[in-house]
Structures are given as structure tokens and as C-alpha cells.
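What follows is a set of notes on a single structure, which appears directly below.
The values are calculated or read from the model by the stated rules, or taken from the named source; none is laboratory data. Here the structure is a predicted model, which is why all the values come from computation and not from measurement. Methodologically, a virtual Cβ is constructed for each residue, glycine included, from the backbone with ideal geometry; neighbour enumeration extends over all protein chains shown.
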Amino acid sequence: MNIKEVATKPFDNQKPGTGGLRQRTKIFMEPNFLENFIQASLNVRIASGDKIDTWVVGGDGRYPGIEFLPKIIKMLIANGVKKVLVVGRELVAPTPAISNVIRKYKADGGFILSASHNPAGINGDFGVKVEMSNGGQAPEAVTNAIYEDTKKIAFYKTLDISDDEALNLAEVEYLDPIKDYADLMQSMFDFDAIKGWFDAGNTFRFDAMNASTGPVAVEIFVNRLGAKREWIINDKPLPDFGGVHPEPNPTYAKSIYDFMMEGGADFGCACDGDGDRNMILGRGFYVKPSDSLAILTKYHKLIPYYRDGLTGVARSIPTSSAVDLIAKDLGIDVYTTPTGWKFFASLLDANKINLCGEESFGQGGNYIREKDGIFAILFWLNILSKTGKTVREIVEEMWNENGRYFYSQYSYEGVDKPKAEAIIERMKAVDIDGGNFAGFTIKKKEVFNYVDPVSGEESKNQGIQIFTTDGTRIFARLSGTGTVGATIRFYIEKFEKDKSKFNVPVMDYLADVYKLVDEIFEISKNFGDIKPSAIN
Ligand code: G1P
Ligand code: ZN
């Protein structure tokens with residue numbers, strides 16, 4: 001085969017963020033933008049002496065992933081890859097299913113063409129996640145090296161063949177994205193019990209948000225578990241996700257949220273574009289992702305896969321502390337990591353933990369190295385079917401036993417980047433310990449620097465944490481997944497033991513903390529009359 005080197009010039013906007021490289025779709029379609037990033041990623045793996053014999057390519061089906069596929073195949077083979085495993089002819093598969101393929105077929109790495117929950121289409125976003133042989137995202141040392149490589153790249157390697165020939169090369173194999181993943185789920189959860197729950201007349205609703213999880217959801221919930229076909233909605237994957245913002249939270253997945261709040265079904269749920277996030281809803285009841293992680297931890301023994309117990313759990317530091325109380329009861333360790341699933345990988349690899357999660361609608365376990373929306377949903381169905389309790393009962397019982405962490409996450413999206421960066425820089429520097437703001441006294445302010453307990457790798461400046469003397473915790477950071485301007489994220493929590501207060505709406509309970517954040521971080525002062533988007 002004719003390998004050719006194509007001259008190229010560096011782009012200055014190829015720094016991978018929290019979950020791979022994300023950019024506007026139109027930027028990804030600029031000549032050589034994709035090619036440069038793919039070549040830089042391969043250069044780094046080759047330079048570190050890693051094998052790149054078998055490579056997986058998958059995606060969440062968003063435009064123009066399928067058009068990028070032949071280009072990537074040609075580059076992989078030209079760089080020495082011997083076997084390319086493509087997950088699905090249409091390149092539609094949830095990220096966790098792709099992580100599973102990498103592990104199952106012992107691939108040396110992979111590319112996931114996805115921008116997760118960001119909107120898709122020509123006016124939306126595109127992205128590439130670089131996966132390692134463990135089926136998890138490249139750690140920071142690797143993504144930093146890739147970024148350095150993108151700044152000096154001069155050529156990329158490809159094959160002198162047509163797209164059609166590339167798609168039909170003997171080195172390219174197409175895998176069924178559904179069967180392997182559905183089999184994996186069936187091996188972990190009590191499908192008989194869940195089937196019994198459906199047979200008993202309980203009702204269900206799953207919103208695939210026109211993205212990658214629809215076909216898998218039909219196979220698992222309908223074909224294998226007996227749910228009604230009409231309970232699975234928006235299940236046809238569309239290249240632009242039908243114009244919806246495929247982020248499963250009360251703001252963007254409003255229709256299923258409202259349906260469930262009006263008592264539409266016994267259990268409701270949704271996944272994001274690439275299927276690694278989930279939202280859990282009971283009849284008239286919304287489960288905060290942080291509480292969901294605590295519940296999964298609490299009931300893990302009901303799940304066949306976790307019958308022998310948990311080795312430990314982990315949460316990202318902005319996630320609420322609810323899971324810590326459960327871990328304490330269970331006598332297991334809790335690790336707190338920076339934001340981003342990649343930080344869980346080394347703990348999972350070392351078996352220090354086998355369950356973990358983030359406040360951003362993500363939970364997962366040690367069977368793969370990505371978070372997994374359908375896993376969390378099946379976990380809940382397994383709990384409901386074995387306990388016979390409702391979603392609300394499960395959560396309220398936990399609060400009654402342990403107390404409730406009132407928790408809220410909210411973001412100012414797409415704001416002026418220099419201003420946002422200046423806010424964080426100023427907060428890093430100021431000394432506010434002992435100071436009084438909005439009726440609170442600051443006990444301690446710190447910058448969160450992380451040292452991976454397994455690899456020793458250091459990740460500095462992962463956010464700002466503030467504790468007040470009354471036990472309120474505030475965490476603040478800039479998002480690493482946005483593509484326009486900057487996004488400032490705030491995470492606040494306060495612990496309550498008094499049961500009579502558990503039904504106070506979260507936003508009322510934390511009303512004074514929102515004001516405190518505004519005052520210390522000078523949000524209104526900088527941005528005027530700005531409202532946060534997406535409060536959870
Ligand atoms: C966001 C979430 C983070 C998650 C990531 C990928 O990143 O906050 O928890 O891991 O998406 O799904 P951020 O935009 O905050 O950098
Ligand atoms: Zn996602």
C-alpha cells in the first residue's frame with residue numbers, strides 16, 4: 001500500500017480538555033484539523049514505545065463522524081496499525097460500549113468521535129476522545145504531550161487510496177455495538193428480577209435524546225427485559241440529535257423531567273449524546289446525581305456483579321459528600337479526584353475502587369474505564385426490583401438514616417474568558433480566611449491540587465474550595481469542555497440533620513449560599529445582571 005506524507009501546519013486550538021478535544025464542528029472540518037490531532041495522538045503513543053497494533057474507532061453518530069471514518073482508517077494503517085475495529089457500520093455506539101470493545105478485544109487504544117452532551121450538527125460541536133489500552137481516556141501526561149505535538153506538527157501519514165477502498169480494507173473489521181454491550185450488562189445485573197418488576201406492571205420511560213443509546217436501550221429494556229416498546233422515546237440516532245441539546249438534566253431534558261414530575265411513570269431516565277451520562281427520576285421525584293452515587297454504593301450488594309462487596313469508591317471533589325457517609329458505614333475508602341473521568345482510571349486499574357461517580361450525571365464501575373448511563377439505570381432498576389421500594393422511598397430513607405446534603409451545581413456558560421480567568425486567579429491569590437461575607441465567616445480557602453495515589457502524577461489548580469464556619473462547602477472551577485468563551489462552575493453543599501427540613505426546596509435551602517458565592521467571587525460585579533444557566 002502506498003503510504004504518503006502530507007505536509008501540514010500546526011493549529012493553536014488543539015488542547016484536549018476534560019474529555020478529549022472538543023471544538024465547533026466547523027473548526028473540525030477545516031482542512032487538516034482532524035488529521036493533525038489524530039497524527040499527534042499517534043505520534044505520542046509511538047514515541048513512548050506503546051504498541052499500536054489494534055485500534056478501535058467508534059463514535060456517538062454525530063455529524064460528520066461517518067465522513068471522518070475513512071480518513072482515520074487510512075491514517076491508522078499508514079502509521080502502522082494492523083487491525084482497525086470499527087464499532088458499528090454507522091459509527092453509532094455509546095462511549096461505554098466502545099470502552100468495552102477496547103478491553104474485550106485487547107486493543108492498544110482507540111478514538112471516540114464524540115462531543116458527549118454538547119449539541120451536534122454543522123452548528124454544533126465535534127470531538128475526539130483518545131483512549132488507552134485499558135479502555136479509558138488518556139491521562140493528563142499523554143494529553144499534554146499530544147498538545148505539545150500539535151504545536152509543532154509538520155506532516156501526517158495517510159494512504160493513497162479512495163475512501164471507499166479504505167472502508168473495505170482487509171485490516172478493517174466492523175463490530176456489532178449492541179450485542180457485546182447488552183451481554184455485558186446482562187452478566188452484571190439481575191435481569192430476572194428486573195423483568196419481574198416490569199411484569200408486575202411497573203411503568204418506565206427512557207429518553208435517548210435522538211442520540212447513541214436508542215438501539216442499545218431497545219435491545220436491553222424491550223427485547224431482554226420486557227419493557228414496552230413505546231416506553232423508549234427519541235431512540236432513533238440522528239446525526240444532529242434532532243437539534244436537541246443531549247444533556248440529561250432538568251434543564252435540557254425538560255420533557256422527560258416534566259413528564260415524570262407530573263407522575264408519568266414509576267421510573268424515568270435519560271442518557272446524554274454518547275451514553276455515558278444519566279438522569280434518574282422517580283414518580284414526581286428527581287434524584288440528584290450525587291445522591292444517586294450514594295444510593296448505588298449503599299445497595300451494591302443487591303447487584304450480582306458487586307455481590308462480594310466494594311473495594312472502595314471515588315467521587316470527583318465537586319461531587320457532594322453524600323457517598324462519604326455511606327462509605328463510612330460500609331468501612332471502605334473514599335477517594336476524591338479532580339473533575340473528569342480519566343482521574344478514576346488509575347484507581348480502577350489498581351483495584352482501589354470499583355465504583356465511582358461525578359455530580360455531572362455520571363456513575364460507573366471497574367468493568368470498563370468510562371462512565372456509563374445505562375449501567376446506572378440498570379443498577380437502579382435492580383435496586384427497585386429487589387427492594388420493592390419506590391425511587392422516592394429509597395432516597396428519603398437514606399436522608400432519614402444519614403442526614404441530607406443539600407447540594408446544588410450551577411454554571412455561568414459562555415462568559416468572557418479573560419474575565420472568568422481573572423476571577424479564578426484573584427480567588428487563588430486572596431486571603432479570605434476568617435473574613436465575613438454575606439453573613440458567613442470563612443473558615444478556610446484552598447486551591448485543590450491533586451496527586452494520583454497510584455501513579456504519583458500531579459495535577460495542580462483543579463479548582464478552589466472554600467469552607468465556612470457553619471459547615472457549608474463551596475467549590476469553583478472553569479469548565480474544560482466548552483467551545484465558546486468560558487464557563488464558570490459552582491458547586492455548593494450544606495449538611496442538614498433536622499428531618500423536618502428535608503422537604504425544603506434545594507434552592508430555598510441554599511438561597512444564602514448562592515448570595516455568598518456571588519459576593520466572594522464578584523460575579524454580579526463582573527458580569528452585571530447575569531443568571532446562571534442550568535441549575536441542578
Ligand atoms: C464536564 C463535567 C465533568 C465531566 C465532563 C465530561 O466537564 O463537569 O464532571 O467529567 O463534563 O462529561 P467540565 O465542562 O466541567 O470541564
Ligand atoms: Zn457524555
Original post:
Does segment 489-498 contain any residue that is more than 24 Å from residue 249 (Cβ to Cβ), modelled with pLDDT of 95 or more and surrounded by fewer than 18 Cβ atoms within 10 Å (Cβ to Cβ)?
Top reply: yes
Subject >> Residues of segment 14-64 satisfying the condition of being of a type in the set (A, V, I, L, M) and over 28 Å from residue 176 (Cα atoms) >> reply: 27, 40, 44, 46, 47
Subject >> The listed residue being modelled with pLDDT of 95 or more and touching a helix residue (DSSP H, G or I) at 6+ places or on another chain (Cβ under 6 Å), out of 154, 208, 200, 170 >> reply: 208
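Let's see how each residue does on (1) in contact with a Leu (Cβ under 8 Å, 6 or more places away or on another chain); (2) among the hydroxyl-bearing types (Ser, Thr, Tyr); (3) surrounded by fewer than 22 Cβ atoms within 10 Å (Cβ to Cβ):
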site	(1), (2), (3)
50	no, no, yes
54	yes, yes, yes
59	yes, no, no
63	no, yes, yes
69	yes, no, no
74	yes, no, no
82	no, no, yes
88	yes, no, no
91	yes, no, no
**OP:** Scan segment 116-166 for residues that are more than 17 Å from residue 81 (Cβ to Cβ) and in a strand (DSSP E or B) and jot them down.
**Re:** 125, 126, 127, 129, 136, 137, 155
Original post:
Looking at segment 252-279, which of its residues are touching a helix residue (DSSP H, G or I) at 6+ places or on another chain (Cβ under 9 Å) and either without any contact (Cβ under 8 Å) to a residue 12 or more places away in the chain or more than 16 Å from ligand 2 (Cβ to nearest atom) (or both)?
Top reply: 264, 265, 266, 267, 268
Subject >> Residue list for segment 329-388, restricted to those being among the acidic types (Asp, Glu) and either buried (at least 24 other Cβ atoms within 10 Å of the Cβ) or within 16 Å of ligand 1 (Cβ to nearest atom) (or both) >> reply: 358, 359, 370, 372
Original post:
Mind checking which pairs have a first residue in segment 405-430 that is surrounded by fewer than 19 Cβ atoms within 10 Å (Cβ to Cβ) and a second that is assigned to a helix (DSSP H, G or I) and not polar (S, T, N, Q), Cβ under 7 Å, 6 or more apart or different chains?
Top reply: 427/521
Original post:
Yes or no: residue 80 farther than 30 Å from residue 247 by Cα, in contact with a helix residue (DSSP H, G or I) (Cβ under 8 Å, 6 or more places away or on another chain) and part of a loop (DSSP other than H, G, I, E, B)?
Top reply: yes
Subject >> Positions within segment 11-58 being modelled with pLDDT under 95 and assigned to a strand (DSSP E or B), in sequence order >> reply: 17, 20
